[in-house]
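The values are calculated or read from the model by the stated rules, or taken from the named source; none is laboratory data. Just so it is clear, the model here is predicted, and its values are computed rather than measured. Every residue, glycine among them, receives a Cβ derived from its backbone with ideal geometry; neighbour counts consider all protein chains shown. Just the protein is used for accessible areas: all its heavy atoms, side chains included, with ligands, DNA and RNA removed. Shrake-Rupley method; radii C 1.70, N 1.55, O 1.52, S 1.80 Å.
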Amino acid sequence: MSYKAGFLGLIGQPNAGKSTLMNFLVDEKVSIVSAKPQTTRRRILGIWSTEKGQVVFVDAPGLINSDSGLNGFLHQEAKDVIANSDALLAILSIDEAKAEDNEKVIDMVASSGKPWIGVITKVDIEEKAHRIMILKKMIEDRGGKALSTSATKYKDDIEEREAMLIEFLELMPESPAPLYDAELFTNENIRDMASEIIREKCFENLHHEIPYNLAVRIIKFDESGPLPKIYAEIIVSKESHKAIVIGKGATVIKKIGMDARKELEKVMDEKVFLDLNVTAKPEWFGNKRIMKELGYVIESED
Ligand SMILES: Nc1nc2c(ncn2[C@@H]2O[C@H](COP(=O)(O)OP(=O)(O)OP(=O)(O)O)[C@@H](O)[C@H]2O)c(=O)[nH]1
Ligand SMILES: [Mg+2]
């Protein structure tokens, strides 16, 4: 059998479980996850390699309709992932409030003209189980194959993972060689992973509009001493948000720092020093230079 390799984009509504599914498939925490929608902001690659081929999963932001600011970028980024992938997965949660929103995802993916599969997620939510058949029919009516899973319930189920991976490899084009070194599970560097981990902890510890309006930038990553030292900045969009991120007696920022440091130590497999600062840059998402520094630009526009 010939060798196959390509990019497989994960497309769905915000909060559908795209990042959780990709992490399950590559069996590594590559993409950050939270209970809040719009967690993923730029494409994140997760790589699975076997002797038969390589699937490069492209986790995308959830689909939203907007043409300006940060949301405008999320919209463009998801569209760009559709345009630049070899094949697509329509990620459809049974927990999605409106059936039309899942139908929209199927529509976008099917009309791309690329090979695709519909993946029904969160099937562990029993009270919504009746929706599995409805979604399956929706997918099949558009000529797609339907799979269903729960990346949380089957977290440690190797057979569930392998069965899906084999289906996904079938969607990939023939390729003379792997696209990435077969040893890699992502192309993210540790500096970018660190800023995403800190942002994930902000999503977990902050509420209302705060997490949606902040960004994290690594100021210095110093590996010269015995202990890696990471200096990061949490950028908020309003002066008044600063005090909320810091919290009374700095309790909130300390908790974010502690949660992030623990996870960084797991990823880096060593103790790390983490210094967090909060700065306000009013309406930073309207500033092209800052957006570019944060990686919130479409690559082809560079
Ligand atoms: N019950 C259940 N919850 C899940 C499952 N998969 C993901 N979740 C939860 O759904 C929420 C959203 O998961 P994400 O993986 O961040 O979703 P996403 O589609 O990447 O979201 P965005 O990046 O915001 O577009 C998190 O709280 C997950 O823990 C699942 O199989 N079952
Ligand atoms: Mg995500």
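Looking at the range 77-89, can you tell me whether even one residue there is in a strand (DSSP E or B), within 12 Å of ligand 2 (Cβ to nearest atom) and within 25 Å of Leu214 (Cβ to Cβ)? Break it down into steps so the answer makes sense when it comes.
Just the residues of the range 77-89 that are in a strand (DSSP E or B), to begin with: 87-89.
This time we only want the ones that are within 12 Å of ligand 2 (Cβ to nearest atom), so: none.
Within the range 77-89 (the criterion being in a strand (DSSP E or B), within 12 Å of ligand 2 (Cβ to nearest atom) and within 25 Å of Leu214 (Cβ to Cβ)), the answer is no, since none of the residues qualifies.
Which fully enclosed helices (runs of 4 or more DSSP H) of the range 224-295 have 3 or more residues being open to solvent by 70 Å² or more (accessible area, probe 1.4 Å) and closer than 23 Å to Arg42 by Cα? Steps first, please.
Details: elements: 239-246, 251-268, 288-293.
The helices (runs of 4 or more DSSP H) meeting that bar are 288-293.
Somewhere in the range 209-226, is a residue touching a Leu at 6+ places or on another chain (Cβ under 9 Å), among the acidic types (Asp, Glu) and not assigned by TED's automatic domain parsing to the domain that holds Lys36? Walk me through how you get there before you give the answer.
Looking only at the range 209-226, we keep the residues that are touching a Leu at 6+ places or on another chain (Cβ under 9 Å), and these are 212-217.
Restricting the remaining residues to those that are among the acidic types (Asp, Glu) gives none.
No - not one qualifying residue is present in the range 209-226.
Does Glu167 satisfy being open to solvent by less than 60 Å² (accessible area, probe 1.4 Å) and assigned to a helix (DSSP H, G or I)?
Yes.
Scan the range 186-200 and give yes if some residue there is of a type in the set (Lys, Arg) and open to solvent by less than 20 Å² (accessible area, probe 1.4 Å), otherwise no.
Yes - at least one qualifying residue is present in the range 186-200.
Report yes if some residue within the range 171-190 is assigned to a helix (DSSP H, G or I), closer than 18 Å to Gly17 by Cα and in contact (Cβ under 8 Å) with a residue 60 or more places away in the chain; otherwise report no.
No.
Here are some residues: Ile125, Ile134, Ile120, Ile139. Which one is in the same structural domain as Phe57 (by TED's automatic domain parsing), open to solvent by 40 Å² or more (accessible area, probe 1.4 Å) and among the aliphatic types (A, V, I, L, M)? Don't jump to the end; show me each part of the working.
Numbers: Ile125 fails: open to solvent by 40 Å² or more (accessible area, probe 1.4 Å); Ile120 fails: open to solvent by 40 Å² or more (accessible area, probe 1.4 Å); Ile139 fails: open to solvent by 40 Å² or more (accessible area, probe 1.4 Å).
Result of the check over Ile125, Ile134, Ile120, Ile139: Ile134.
From the list Gly6, Gly69, Gly17, which one is within 16 Å of ligand 2 (Cβ to nearest atom) and over 17 Å from Cys202 (Cβ atoms)?
So the residue among Gly6, Gly69, Gly17 that is within 16 Å of ligand 2 (Cβ to nearest atom) and over 17 Å from Cys202 (Cβ atoms) is Gly17.
Would you be able to tell me the number of residues in the range 35-78 that are open to solvent by 20 Å² or more (accessible area, probe 1.4 Å), over 10 Å from the mean Cα position of the chain (by Cα) and not acidic (Asp, Glu)?
Summing the residues that are open to solvent by 20 Å² or more (accessible area, probe 1.4 Å), over 10 Å from the mean Cα position of the chain (by Cα) and not acidic (Asp, Glu) in the range 35-78 gives 16.
Considering Lys229, Lys153, which residue is more than 26 Å from Lys292 (Cα to Cα) and of a type in the set (Lys, Arg)?
One residue alone meets the criteria, Lys153.
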